[in-house]
Each structure stands twice: as C-alpha cells, then as structure tokens.
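Bear in mind that the values in this text are calculations on the coordinates, not laboratory data. Here the structure is a predicted model, which means the values were calculated and not measured. Glycine also receives a Cβ, built like all others from the backbone with ideal geometry; neighbour counts cover every protein chain displayed.
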C-alpha cells in the first residue's frame, strides 16, 4: 500500500525523529536511574511474568478481532476468527508504520474487511463502530485515570489539563462518527470533508449503515471488547513491572498507560515512538515506581506492543493488501 507520510514529511525522516526521541529518552532515564541498576533489572526479569505479559498482550488482538466479527455478524456477513485476528495485527502494523493519526489503518481495515467478504458499506460500518466504541471507552477510561489522583509531583497539573482537553475533542469526534453514516451530501459533511487528515474517509463513513453504527446493543458489546483491550494492556504493563521484582499497583499502571496512549495518539511519529516511552517512564515514576523499574518496564512493554508485532504485521498487511487489490 502507498500512503503519504505525515503532513508531507518523508517517511524516513519521521522514523528518524522517532528513533532519536527514543534514544534521548533512554539516555536521559539511564543517566538519572543509574545504568547498572537498570541493566540488572532488565537482565534478571522473571520469565513467568514475562510469559504472562506476552499472553495478556496476545489477548488484545483476540478481543479486537471480536469487534470486527460483531459487526460482520450483524451485517449477515461471514468473517472467520482467524481472518479477523490477521486484520487486527495488520492494522496495528499499518497504524504504526504509516504515521497518519490512524487514518491509514482505518482505510486499510475497511479494504481488508471488504476483501474478506463483507460489503463495502458493512466494512465501513465495522470501522465506524470500532472508532466509536474505542473513543467512548477511552473517554471514560481517561476521565477515570485523571480522577484517581495517583499522579503526584511536578507536571501532574499539565497532564490533567491536556487530558481534559483531549476528552472534549474525542467526544466531538465520536459524535461526528455517529452523525456521518447515511448522511450523504449533507452540508455539515461537506464542511467536515475539508478538515485535513480525515477528508479522505468522510465519504466512506457516509456510506456506512446507520442501522449498524447507531445500534445501541452492537455498540454496547463493542465497548465491552474495547474495555477488555484496555484492561489487558494495563495488566500487561503491571505484569512486566512484577517481572522486575517490583510492586505493581494496577491503578498506577492504568493511569500511566492511559496518559501515555494520549501522548502517543497526539504525536506525529510512528506509534508515538519516543513520546510514548517518555510519558510512560514519567507517569510511572509519578505514581511511585522507581525510575530504573519504570524505564525497564516501559521498554519491555513497547517491545511486546510495538516491535514484536512488526514482522507478522508486515507479512499479514502485504497479503491483505494483495487481496484488496485483487478485489478492486
């Protein structure tokens, strides 16, 4: 698949910036965390907890697959569980490899679902349901995270302010996703279509089925699966902290993951490379985790969620992209 890099910047430059940010984060954290302590922790991580973290992370792809299958079933289309899992892994790769605020992954997913037997309208309905359910759960989760009060120290006020602003923007985007299906050529749709980044998908979302996208039962079930994904991600981070022989507070892991995901989604580098790590280390430390543990747990978490899925994601995305081209 071909896609323009973020805002016209060469893709290699965006990746270079991301890797430089990551290297800077690691260097600074190691400097303040005593490099020997960090290396000792990373090299003596407990294998049992590492396996548990890997299993929990694998569960996120299974849960995401169920969201696609929910909409496929409601649309009377057949989508195998294996195909739904492959699409989930491939979408993760496309979102990370092509920094475009998730637009590339959205377009790719709709094409892959279409190529696997769903009608184009049903495929875009699945995409819309996924976006709406994800945003709804994320809004609630982020609000819960900032209200827990576990962030202590300098910088916590700025984090809360940014989180509140993001919640407001996400609420508006969710309302837009609910509005667009079935409203072809609506004056508001035409104005929205001028917005950078999303102008290419507005017309497709208009073609989604209002019956599916605005189905309360369907959205409710999709939100349950999205909540499961957030829970599994939080448990993955907590398991990695435990693998380093440190106490893992679920509330702290949850707050750190939600805030770091916020930073990742607003960044311009692939998958929030560098920015996610910086915010994760910072917020874990604010919740009481020692700096060497925060750094080691963050890097292992990113290894499981960002780097490890790259190869299977590349392979599946290339296979699905060929299927999409043949379908066309």
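Quick notes on this structure:
- The fewest-to-most ranking of 234, 283 by surrounding Cβ atoms within 10 Å reads 234, 283.
- Relative intensity, log₁₀ I(q)/I(0), of the stretch 45-327 from a Debye sum that treats every alpha carbon as a point, q = 0.16 Å⁻¹: -1.29
- Stretching the chain fully between residue 162 and residue 43 yields a gain of 39.3 nm (0.36 nm per residue, less the alpha carbon separation).
- Shown for 277, 206: other C-beta atoms within 10 Å of each C-beta, ranked fewest to most, produce the order 206, 277.
- The ranking of 280, 256 from fewest to most other beta carbons within 10 Å of each one's beta carbon is 280, 256.
- Extension reserve of the residue 147-residue 175 stretch, reckoned as 0.36 nm per residue once the Cα distance is removed: 7.7 nm
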